[in-house]
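The next block holds one structure in the form of structure tokens; read it before the comments.
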Amino acid sequence: MKTTRDMTRGNLWTGILLFSLPLIASNILQVLFNMADIVVVGQFCGSTALGSVGSTATMVAMLTGILIGFGSGINAVTAKAIGARDKERLVRGVHTGFLLSLLFGTAIFLVSFFGAEPLLTLLGTKEELIDGALLYMRVYSCGMPALAIYNWGQAVLSAGGDTKRPLCFLTTAGIFNVTLNILFVTVFHLGVFGVALASILALYLSAFLILFALCVSRQDCRLRLSRIRLHGREARMMLALGLSAGGQNAICQFANLFVMAGVNSFPTLIVKGNSAAQNADALVYDAMAAFYTACTSYMAQNYGAGDLTRVKKSYFISLIYSFGIGALLGGGLVLFGRQFLSLFTTEADVIEAGMMRLTILGLSYAISAFMDCTLAASRGLGKSLIPTVFMLFGSCVFRLIWIYTVFAAFHTVPSLYLLYACSWSLTSILEILYFARVWKEAKQLVQAQTPTPKAAAV
């Protein structure tokens with residue numbers, strides 16, 4: 001079988017790093033290009049427009065998180081087929097994943113377009129911000145089908161080790177996005193509508209590029225329109241892994257909606273500062289997420305090949321890398337937070353309000369590596385439901401309890417932001433305990449399937 005990268009051979013430290021670097025660049029570029037919306041709005045349209053767009057960040061992250069999570073399910077199924085050298089299963093997975101992604105992207109568009117107003121109202125969005133927030137959310141939601149297709153293509157290519165082409169496609173779309181942002185806002189004065197329109201046009205460009213690449217590919221992962229259909233086994237595996245992963249992302253962001261409601265209980269200045277500072281979240285999370293993708297891909301391929309030693313090493317190496325980059329970027333934001341926030345606003349009081357969030361979160365980001373990398377490892381071994389339940393408890397139930405107890409008692413900005421580090425720590429413990437059990441079961445299964453060598457003839 002022809003693949004781009006064989007993850008069952010070679011040095012793991014080097015292989016995982018080289019696999020992840022283009023993903024890190026791709027993810028960070030995507031974040032930076034998305035930040036262009038906030039930068040252009042904040043610099044040219046004022047802090048009110050900044051607050052309007054920032055008020056939708058958690059909603060956008062929740063909806064897109066479902067699609068990104070589903071892509072990780074496609075990645076795991078595809079990587080396992082590659083590791084097992086099963087061409088037919090790979091072909092079925094590619095075409096099943098495309099159709100499911102298109103359906104999910106359309107469904108997310110409908111939900112986000114028609115549900116934006118009641119949800120923004122429920123969250124207590126400030127009256128002076130809600131009109132701009134609603135406009136941005138409805139326009140941006142039109143790009144959900146395109147985002148679903150791009151995530152599908154990236155999942156398929158990265159499962160075979162090709163992380164360079166998605167980076168090239170994303171870079172092209174990002175430059176297109178920034179150019180349109182400046183054109184629509186500074187020349188045509190379209191404001192919030194302009195940055196949202198630029199974003200969805202860039203999303204469709206990235207989807208077209210990756211779709212075209214897979215349609216003309218000469219590899220086994222090539223997309224053929226005549227073969228697009230749902231295949232039962234692959235669809236069930238993708239739904240089991242992808243929905244739980246997408247559900248995990250949605251759960252985290254759903255809990256963050258209550259955090260946003262807590263932010264909205266403070267004066268508008270705090271809301272604006274939070275809108276600027278929360279741009280750092282995606283910057284750090286997405287850089288760390290590159291190693292989670294590597295963890296799932298490497299573990300799934302080597303698990304399919306029956307190499308338990310490389311499976312275990314892949315987890316620990318990915319964990320070390322993800323923790324390290326989380327600590328590095330988080331520390332950088334603590335030290336240079338004011339310079340970072342000045343990209344989005346020139347108002348000193350808004351910058352100081354944003355530093356309250358950056359300081360607490362910057363010192364906490366690395367903790368999430370134990371939670372997310374361990375969950376990615378369980379997913380690489382084909383297990384995702386129970387880790388999602390743990391995520392539901394740690395990142396949703398626990399945060400709600402915190403908001404209505406600790407935060408309600410103190411009602412201070414630090415008491416709100418500290419819930420992230422505490423919830424990550426609790427969830428990490430649960431995920432690690434479960435992974436230890438999953439690893440033992442996987443080890444027994446592989447050993448049972450390995451033929452016992454016959455005794456040599458005397």
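The values are calculated or read from the model by the stated rules, or taken from the named source; none is laboratory data. Just so it is clear, the structure is predicted and the values come from calculations on it, not from any experiment. Cβ: placed from backbone, ideal geometry, glycine included. Neighbour counts: every protein chain shown. Areas reflect the complete protein model, heavy atoms only, side chains present, ligands, DNA and RNA absent. Shrake-Rupley method; radii C 1.70, N 1.55, O 1.52, S 1.80 Å.
Table for the structure above
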item: Residue in the stretch 376-385 that is over 26 Å from Val311 (Cβ atoms), touching a Ser or Thr at 6+ places or on another chain (Cβ under 8 Å) and open to solvent by 10 Å² or more (accessible area, probe 1.4 Å) present; result: no
item: Residues located in the stretch 231-249, provided they are part of a helix (DSSP H, G or I), open to solvent by 20 Å² or more (accessible area, probe 1.4 Å) and either at pLDDT 80 or above or hydrophobic (A, V, I, L, M, F, W, C) (or both); result: Gly232, Arg233, Arg236, Met237, Leu239, Ala240, Leu243
item: Sole exception among (1) at pLDDT 90 or above; (2) open to solvent by 50 Å² or more (accessible area, probe 1.4 Å) for Phe254, by number; result: (1)
item: Close pairs from the stretch 328-352: first at negative phi, partner aromatic (Phe, Trp, Tyr) and open to solvent by less than 50 Å² (accessible area, probe 1.4 Å), Cβ under 8 Å, at least 6 apart; result: Leu329/Tyr365; Gly330/Tyr365; Leu333/Phe340
item: Members of the stretch 214-230 that are touching a helix residue (DSSP H, G or I) at 6+ places or on another chain (Cβ under 6 Å) and either open to solvent by 30 Å² or more (accessible area, probe 1.4 Å) or assigned to a helix (DSSP H, G or I) (or both); result: Leu214, Arg227, Ile228, Leu230
item: Of all residues in the stretch 127-162 being small (Gly, Ala, Ser) and part of a loop (DSSP other than H, G, I, E, B), the one that is nearest to Ala76 (Cα to Cα); result: Gly160
item: Of all residues in the stretch 137-192 being without any contact (Cβ under 8 Å) to a residue 24 or more places away in the chain and in contact with a helix residue (DSSP H, G or I) (Cβ under 6 Å, 6 or more places away or on another chain), the one that is surrounded by the fewest Cβ atoms within 10 Å (Cβ to Cβ); result: Leu190
item: Search result, residues across the stretch 197-236 that are among the charged types (D, E, K, R) and within 29 Å of Asn177 (Cα to Cα); result: Arg222
item: Failed item in (1) over 20 Å from Ala408 (Cα atoms); (2) open to solvent by 10 Å² or more (accessible area, probe 1.4 Å); (3) at pLDDT 90 or above, with Tyr298 passing the rest; result: (2)
item: Filter pass, Ser265 being among the hydroxyl-bearing types (Ser, Thr, Tyr) and open to solvent by less than 10 Å² (accessible area, probe 1.4 Å); result: no
item: Residue that is open to solvent by less than 40 Å² (accessible area, probe 1.4 Å), of a type in the set (S, T, N, Q) and under 21 Å from Asn75 (Cα atoms), where the choices are Ser199, Ser206; result: Ser206
item: Test: Leu135 is at pLDDT 90 or above and hydrophobic (A, V, I, L, M, F, W, C); result: yes
item: Selection from the stretch 26-44 of residues that are open to solvent by 10 Å² or more (accessible area, probe 1.4 Å) and within 14 Å of the chain's Cα centre (by Cα); result: Asn27, Ile28, Leu29, Gln30, Asn34
item: Segments classed as helices (runs of 4 or more DSSP H), wholly inside the stretch 45-126, with at least 2 members that are without any contact (Cβ under 8 Å) to a residue 40 or more places away in the chain and open to solvent by 30 Å² or more (accessible area, probe 1.4 Å); result: 87-122
item: Answer from Val91, Val77, Val53 - the residue that is modelled with pLDDT of 80 or more and under 22 Å from Ile200 (Cα atoms); result: Val53
item: The one condition in (1) closer than 23 Å to Lys383 by Cβ; (2) within 19 Å of the chain's Cα centre (by Cα) that Pro145 fails to fulfil; result: (1)
